[in-house]
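Asker: Provided herewith is a single structure, encoded as structure tokens, for subsequent inquiry.
The values are calculated or read from the model by the stated rules, or taken from the named source; none is laboratory data. The shown structure was predicted, so the numbers you read here are calculated from the model rather than taken from an experiment. Every residue, glycine as well, gets a Cβ built from its backbone with ideal geometry; the counts of neighbours run over all protein chains shown.
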Amino acid sequence: MIERARAANQSGLDSLFVGDHHTVPSPYYQNTPMLGRLLAEWGEKPAGALFLLPLWNPVLVAEQTATLACIAGGRFILQCGLGTGRRQFSAMGMNIRNRPSAFEQSIDTLRALWQGETVTLDGRWKFSNANISPLPPDPIDIWIGATADIAIERAAKIGDAWLADPSQTLQQAETSMETYQQALQKHGKKVPRTIAIRKDIYVAENETEANEVRKNIATSGYRGFNPEALVIGDVDRVSEQFFELGKLGYTDIITRNLQPDQEKAVASIGRLAEVRSRLNS
């Protein structure tokens, strides 16, 4: 992860994020300590972490993110979502059926604490006279990950930005964008400066290598995704697919490298510099 963050910085990529999962069978480096280390490789560009908010006490999230915002060189962004998996919720002592209400209460609490308010909550969490120090030096943006229509509407209503799911095909991404735009109008919201989508990608050296990766995924599968939702190709093909997402209205593409081989993954990150250059031109 450190090597990949360093490669992303050297390639001039625009933002750095880490995710959030719990009680998984394979090693998963947790977001707060990992991002704290990766920021040393990053510089002054935006960075952030995903938090599955219903699994976290919001006071702890507010403290952790405010601290990260203080040590980050640039803008700090909180990505967040409801989270899935009964095993994960049970292990964290939370009721999965309470996700939507817990999520919204958490966001309200975070914004109040970040502004220096003292908060008492008698809801999905129960606490009194909570406040945090240090406060974030600048406002923290909240990007809400959402896939279902009702969740996309929630993102439009209370989020600073929407983060679309990586499992969507181009056609599904178009339909979701229409849902989001309609929700913005419904709630009288302006179109935000950021509308992001996550994508699992591999930028291959050439199309021959890309075809091999596609063949392997067709055989073994990848995270249960429709292969058409993945972005695999040489610089030309990846640039074309990213450009199509831009035409739909997505301003940012948050990439996750699907290549397990470290050397090839780092090389893919390096080639993203050329993809980014082509998109910007």
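Asker: Go through segment 122-136 and count every residue that is in contact (Cβ under 8 Å) with a residue 24 or more places away in the chain and within 21 Å of Asn98 (Cα to Cα).
Answerer: The total comes to 3.
Asker: Here is a further query. Of everything in segment 215-244, what is surrounded by 16 or more Cβ atoms within 10 Å (Cβ to Cβ) and either among the aromatic types (Phe, Trp, Tyr) or within 16 Å of Ser277 (Cα to Cα) (or both)? Give them in sequence order.
Answerer: If the condition is that a residue be surrounded by 16 or more Cβ atoms within 10 Å (Cβ to Cβ) and either among the aromatic types (Phe, Trp, Tyr) or within 16 Å of Ser277 (Cα to Cα) (or both), then Tyr222, Phe225, Asp234, Val235, Arg237, Val238, Ser239, Gln241, Phe242 are the ones that fit.
Asker: Of everything in segment 144-169 that's among the polar types (S, T, N, Q) and touching a strand residue (DSSP E or B) at 6+ places or on another chain (Cβ under 9 Å), which residue is surrounded by the most Cβ atoms within 10 Å (Cβ to Cβ)?
Answerer: Looking at the filtered set, the residue picked out is Gln168.
Asker: Cβ-Cβ under 8 Å, sequence separation 6+ or interchain: first residue in segment 238-254 and more than 15 Å from Pro192 (Cβ to Cβ), partner aromatic (Phe, Trp, Tyr) and outside any strand (DSSP E or B). Which pairs?
Answerer: Matching pairs, first to second residue: Ile253/Phe242.
Asker: Please work out if Ala156 is in a helix (DSSP H, G or I), touching a Lys or Arg at 6+ places or on another chain (Cβ under 7 Å) and not acidic (Asp, Glu).
Answerer: In short, yes.
Asker: Working carefully through the options Ala91, Ala62, Ala66, find the one that is in contact (Cβ under 8 Å) with a residue 60 or more places away in the chain and buried (at least 23 other Cβ atoms within 10 Å of the Cβ).
Answerer: Within the list Ala91, Ala62, Ala66, the selection yields Ala62.
Asker: Regarding Pro260, is this residue at pLDDT below 95, on the phi < 0 side of the Ramachandran plot and outside any helix (DSSP H, G or I)?
Answerer: The answer is yes for Pro260.
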